Amino acid sequence: IPIEIVELAAVKAKKHGEIVILNAAPAVPLTDRIRDNVDYLVVNETEAQFYTEISINSIEDAHKAAEVLWEEFHSKIIITLGESGSLYYDGSDYYFEPAKKVKAIETTGAGDSFVGALSYSLINNFSVRETLQFCTAASALTVQGIGAQESMPRLKEIKAFMQNGD
């Protein structure tokens with residue numbers, strides 16, 4: 001999506017009181033107008049490194065990158081860490097959710113399912129802990145399938161996975 005369209009969408013959504021989630025993938029330079037209108041920034045390790053110049057090799061590195069991103073965006077920051085899990089930072093509190101141990105077949109769509117689950121969680125007023133657990137479960141299910149759309153889990157599948165762990 002052209003950056004001008006991303007900017008327009010973020011500004012208009014914010015103007016109308018909507019929550020703006022930016023999944024900055026792939027990482028590209030962002031305008032101040034985008035940064036100023038984002039409520040949730042979601043990036044993976046590679047994208048976080050692009051924006052912060054911090055190589056993420058540990059949870060501690062992710063903490064440092066989240067702090068730098070928060071200083072730049074002043075939004076809630078989520079860094080997805082693949083098979084390690086995900087980290088949330090809101091400028092004062094961190095929350096780390098370890099990934100579910102599954103047999104990954106293909107990672108295509110894992111970020112998309114994570115962000116879709118984030119949207120659902122926000123609409124339904126989940127706590128931060130519940131949100132990251134839900135998003136992690138959605139991603140864990142996605143990587144066990146083949147194809148981005150075909151492997152996207154349904155709500156009942158996510159809920160069952162969270163209850164049963166499989």
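The values are calculated or read from the model by the stated rules, or taken from the named source; none is laboratory data. Model, not experiment: these values are computed from the prediction. Glycine also receives a Cβ, built like all others from the backbone with ideal geometry; neighbour counts cover every protein chain displayed. The accessibility values were calculated without ligands, DNA or RNA, using every heavy atom of the protein model including side chains. Shrake-Rupley method; radii C 1.70, N 1.55, O 1.52, S 1.80 Å.
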Using a probe of 1.4 angstrom, how much of the accessible area of the range 123-166 is carbon and sulfur, in percent? 48 percent
When all Cα-Cα pair distances of the range 40-82 are considered, the percent exceeding 14 Å is 32 percent
Is the range 73-139 best put as rounded, prolate or oblate by its Cα gyration tensor, with a ≥ b ≥ c the root eigenvalues, rounded for a/c under 1.5, and otherwise prolate when a/b is larger than b/c, oblate when not? prolate
Throw me the Rg/Rh for the range 105-166, computed over C-alpha atoms with Kirkwood Rh, two decimals. 0.95
Name the residue farthest towards the positive end of the dipole of the chain from the options ALA27, PHE126, LEU87, assuming +1 on Cβ of Lys and Arg, -1 on Cβ of Asp and Glu, about the Cα centre. PHE126
Kirkwood calc, the range 3-77, C-alpha pairs only, radius in angstrom 12.5 Å
Rounded to whole angstrom, the alpha-carbon centroid of the range 1-79 lies from that of the range 92-107 at a distance of 19 Å
Order 84-90, 117-123, 24-30 from most to least packed using the mean count of other Cβ atoms within 10 Å. 84-90, 117-123, 24-30
Of the residues GLN133, GLN149, GLN49, which exhibits the maximal mean-square fluctuation in a Gaussian network model of the chain defined by a 10 Å Cα contact cut-off? GLN149
Suppose the chain between TYR95 and VAL68 were pulled fully straight at 0.36 nm per residue; how much longer would it get relative to their current alpha carbon spacing? 8.1 nm
With every protein chain kept in the model, how would you rank LYS159, LYS100 by accessible area, 1.4 Å probe, largest at the top? LYS159, LYS100
Please list the three semi-axes, largest first and in whole Å, of the ellipsoid equivalent to the chain, using sqrt of 5 times the eigenvalues of its alpha carbon gyration tensor. 25, 18, 15
Please give the contour-minus-distance gain from ALA27 to TYR120: 0.36 nm per residue of separation, less the Cα-Cα distance, rounded to one decimal in nm. 31.1 nm
Among all lysine pairs in the chain that are eight or more places apart or on different chains, how many have alpha carbons less than 17 angstrom apart? 4
